[in-house]
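Below is one structure, written out as structure tokens; the observations come after it.
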Amino acid sequence: MADQLLEQVRDIAEGQIDFEGQRLAELLATVLLVAVGAVSFVVGYVKQDIKLALYIGLGGTALTMGLIVPPWPFFKRHSVKWLPVGGMEKSSQGIIVDGKVIG
Amino acid sequence: MHSTIVRGQNVFGFFTTVCFVVAALIAASDFLAPRTPKATVAANTVQVVRGRPHYYSTKKEEYAIIRFTMNADFSSLFTWNTKQVFVYVSASWPNSTSEELVNEAVIWDTIITNPSADHLQNIGPAAMKKLLKSAKGKSIDPKRGKIDLKNQKPKYQITAPTGKLQDTDGVVLRVHYNVQPWVGVLTWTPQIEFGSWKKLKGGVSKAFKLPSIKKKDPPKKV
């Protein structure tokens, strides 16, 4: 029983997401961080306030971290379809070795 | 991006890159802001006295106390990226042993902080409160760059390595400044004009002579 609980905790800690989700995570990280940097510089320059620029930058980065790091459900929408375990092809693939059909 | 840790590492790594680029942009934006500092300085009263460097030193040296008047406008140096401006006044006179060298010693200095750096000033709680109030709401306060000193007592009494200062000719007071930014390069009083950054207008006093040490009158016999 404890073993199963530990397995669940491990899954949550690992936070695995599918491949489409990984692509989305990478894209989001780049776009959001560049946007945060641009916004913090422009707002700071217009208002001539460097403390404001710093707070916007740090806050935006914290939001980005909160959006990308945890394994949200929208990262797991295209789960990989694994083939069944131990299954063999029923139809012949026409592999002939030494005159004998083996697969 | 397959696990939480990897996603965290990648996001943080890109965040440091973004930080660096934004800091570089902020430092570069400083060059767009023009700098037009100006200053006038003149010596008021000068006296040369005999004294020791500290209580137990055996050698007596001559010290010059130069009271001065200064009017300066450093308000154009304060941008959003300025943390503080360090202003100092020095006295310099030609060296008797060489044509090119001058003796130079600082007689007075001050640190002018931008409101964004006020909390770093080394002053007591009452003065700190007053300082924070003076810049209420504003992120930069160019008014602090205006300095008006009349008959200012110097912070430091100066001497020369030879220990002899009286009757030195050709002494000149100079005003210098050092802009310390939040991000970017430190800059001092410029020797060349750089784009919209102009050289300090004025800032040099007329040459004057250090007087002799006042001789004590013999006590009057009653």
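The values are calculated or read from the model by the stated rules, or taken from the named source; none is laboratory data. Worth saying up front: this structure is predicted, and the values here are computed from it rather than measured. Using ideal geometry, Cβ is built from the backbone for each residue, glycine included, and neighbour counts are taken over all protein chains shown. We work out accessible area using only protein heavy atoms, side chains counted, and drop any ligands, DNA or RNA first. Shrake-Rupley method; radii C 1.70, N 1.55, O 1.52, S 1.80 Å.
Set side by side, the residues B:Ser212, B:Ser205 differ, and just one is out of contact with any Pro (no Cβ under 9 Å at 6 or more places or on another chain), among the polar types (S, T, N, Q) and open to solvent by less than 40 Å² (accessible area, probe 1.4 Å), which is B:Ser205.
Taken over segment B:187-210, the criterion of being over 18 Å from B:Ser90 (Cβ atoms) and assigned to a loop (DSSP other than H, G, I, E, B) is satisfied by B:Ile192, B:Glu193, B:Gly195, B:Ser196, B:Lys198.
Considering the conditions (1) of a type in the set (Ser, Thr, Tyr); (2) touching a strand residue (DSSP E or B) at 6+ places or on another chain (Cβ under 6 Å); (3) assigned to a loop (DSSP other than H, G, I, E, B), B:Tyr177 is excluded by exactly one of them, (3).
Among B:Val179, B:Val171, B:Val175, B:Val185, which is the only one that is at pLDDT 90 or above and surrounded by fewer than 13 Cβ atoms within 10 Å (Cβ to Cβ)?
Going through B:Val179, B:Val171, B:Val175, B:Val185 in turn, just one is at pLDDT 90 or above and surrounded by fewer than 13 Cβ atoms within 10 Å (Cβ to Cβ): B:Val185.
With respect to the conditions (1) more than 14 Å from chain A (Cβ to nearest Cβ); (2) surrounded by fewer than 12 Cβ atoms within 10 Å (Cβ to Cβ); (3) not in a strand (DSSP E or B), B:Pro53 lacks only one, and its number is (2).
Quick check, is B:Thr110 in a loop (DSSP other than H, G, I, E, B), polar (S, T, N, Q) and either farther than 24 Å from B:Asp169 by Cα or open to solvent by 40 Å² or more (accessible area, probe 1.4 Å) (or both)?
Numbers: in a loop (DSSP other than H, G, I, E, B): no; polar (S, T, N, Q): yes; either farther than 24 Å from B:Asp169 by Cα or open to solvent by 40 Å² or more (accessible area, probe 1.4 Å) (or both): yes.
No; evaluated as a whole, the condition is false for this residue.
With respect to B:Asp148, is the statement that it is part of a strand (DSSP E or B) and either at pLDDT below 90 or of a type in the set (Asp, Glu) (or both) true? So B:Asp148 passes the test. Scoring B:Met128 on the criteria (1) outside any loop (DSSP other than H, G, I, E, B); (2) of a type in the set (A, V, I, L, M, F, W, C); (3) in contact (Cβ under 8 Å) with a residue 60 or more places away in the chain leaves a single failure, condition (3). Going by the structure shown, is B:Leu101 open to solvent by less than 70 Å² (accessible area, probe 1.4 Å) and either of a type in the set (A, V, I, L, M) or under 21 Å from the mean Cα position of the chain (by Cα) (or both)? Criteria not met by B:Leu101.
Could you pull out the residue among A:Ala25, A:Ala13 that is within 11 Å of chain B (Cβ to nearest Cβ) and touching a Lys or Arg at 6+ places or on another chain (Cβ under 7 Å)? One residue alone meets the criteria, A:Ala25. Just the residues that are more than 28 Å from B:Val21 (Cα to Cα) and open to solvent by 70 Å² or more (accessible area, probe 1.4 Å), please, taken from segment B:193-202. Hits for segment B:193-202 are B:Lys199, B:Lys201. Mind telling me which of the residues B:Thr79, B:Thr40, B:Thr69, B:Thr45 ends up being open to solvent by 80 Å² or more (accessible area, probe 1.4 Å) and not in a helix (DSSP H, G or I)? Result of the check over B:Thr79, B:Thr40, B:Thr69, B:Thr45: B:Thr40.
Would you say B:Asp169 is within 14 Å of another protein chain (Cβ to nearest Cβ) and either within 25 Å of A:Leu52 (Cα to Cα) or not hydroxyl-bearing (Ser, Thr, Tyr) (or both)?
The answer is no for B:Asp169.
Inspect segment A:39-48 for any residue being free of Cβ contacts under 8 Å to residues at least 24 places away in the same chain and in contact with an Asp or Glu (Cβ under 9 Å, 6 or more places away or on another chain) and give the result as yes or no. The answer is yes, given that some residue of segment A:39-48 is free of Cβ contacts under 8 Å to residues at least 24 places away in the same chain and in contact with an Asp or Glu (Cβ under 9 Å, 6 or more places away or on another chain).
Does segment B:1-36 hold any residues that are under 30 Å from the mean Cα position of the chain (by Cα), without any contact (Cβ under 8 Å) to a residue 12 or more places away in the chain and within 9 Å of chain A (Cβ to nearest Cβ), and which are they? Those that are under 30 Å from the mean Cα position of the chain (by Cα), without any contact (Cβ under 8 Å) to a residue 12 or more places away in the chain and within 9 Å of chain A (Cβ to nearest Cβ): B:Val22, B:Leu25.
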